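Q: Have a look at the structure that comes next, please.
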Amino acid sequence: MNTRLLPALLVIVAGLEATGQSIPRPDVPDKIKAPADEQVVLQAHASGSQIYTCQQAADGKYAWTLKAPDAELRDEKGQVVGKHYAGPTWKHNDGSEVTGKAVARVDSPDADSIPWLLVTATGHSGEGALSRVSSIQRIHTHGGQPPSPTDCNAAKQNAEAKSSYTADYYFFAPAK
């Protein structure tokens, strides 16, 4: 490596960080795009389970109902940076946390996978990476669908089933 170029490279990297040019917005359908005045502040890859319970609906029929996700969140280096669980809630290892509500969805390009979502933040706690998050996208989903409807009946009422899934989460906050 040419060490004469190192100071220039460090200046360029510092300049990119100072201007906030970091994580690009993902290419997603318009229906689940985050507001234009928000920027990506964190990207994480989730790996875990969608947990379903067999419940009787008002019409008397039985169906699998989503109880909660249970997943680890990893950064681009594969390091665990947080977790995703009931709420839905995302908690970063720095102690910051965001809860949200799905406001838009599109089918995954993979028919055997859970939908892509746009989630709006409904609550926060702690200070850190997630404390300013206002929107979250769940994309690039693989798996996570409930078991077969025929596997949910009166004999299995309240039974739980886990379905493995992976997804990418993009966390957005108002631009600075």
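The values are calculated or read from the model by the stated rules, or taken from the named source; none is laboratory data. The structure presented is a predicted model; accordingly, all values stated were derived computationally and were not measured. Cβ coordinates were reconstructed from backbone atoms using ideal geometry, including for glycine residues, and neighbour counts include every protein chain displayed. Side chains included, ligands, DNA and RNA excluded: accessible areas come from the protein's heavy atoms. Shrake-Rupley method; radii C 1.70, N 1.55, O 1.52, S 1.80 Å.
Q: Any chance you could count how many residues in segment 158-176 are at pLDDT 95 or above, open to solvent by 60 Å² or more (accessible area, probe 1.4 Å) and not in a strand (DSSP E or B)?
A: Within segment 158-176, residues that are at pLDDT 95 or above, open to solvent by 60 Å² or more (accessible area, probe 1.4 Å) and not in a strand (DSSP E or B) number 1.
Q: So, in segment 69-81, exactly how many residues are under 26 Å from residue 22 (Cα atoms) and either in contact (Cβ under 8 Å) with a residue 40 or more places away in the chain or aliphatic (A, V, I, L, M) (or both)?
A: 4
Q: Within the group 20, 48, which residue is open to solvent by less than 50 Å² (accessible area, probe 1.4 Å) and either at pLDDT below 95 or in a helix (DSSP H, G or I) (or both)?
A: Checking each option against the conditions leaves just 20.
Q: A follow-up question, please. Report those strands (runs of 3 or more DSSP E) wholly inside segment 54-157 carrying at least 1 residues which are in contact with a Gly (Cβ under 9 Å, 6 or more places away or on another chain), at pLDDT below 95 and open to solvent by less than 50 Å² (accessible area, probe 1.4 Å).
A: none
Q: Let me ask another. Suppose we keep only residues that are aliphatic (A, V, I, L, M) and in contact (Cβ under 8 Å) with a residue 60 or more places away in the chain within segment 82-107. Which one would you say is nearest to residue 42 (Cα to Cα)?
A: Top of the filtered list is 98.
Q: Of everything in segment 35-45, what is in a strand (DSSP E or B) and among the acidic types (Asp, Glu)? Give them in sequence order.
A: Matches in segment 35-45: 38 only.
Q: Another question about this same structure. Report, by residue number, each residue of segment 108-144 that is among the small types (Gly, Ala, Ser), farther than 19 Å from residue 66 by Cβ and touching a residue at least 40 places away in the same chain (Cβ under 8 Å).
A: Listed by number, the residues that qualify are 129, 134, 135.
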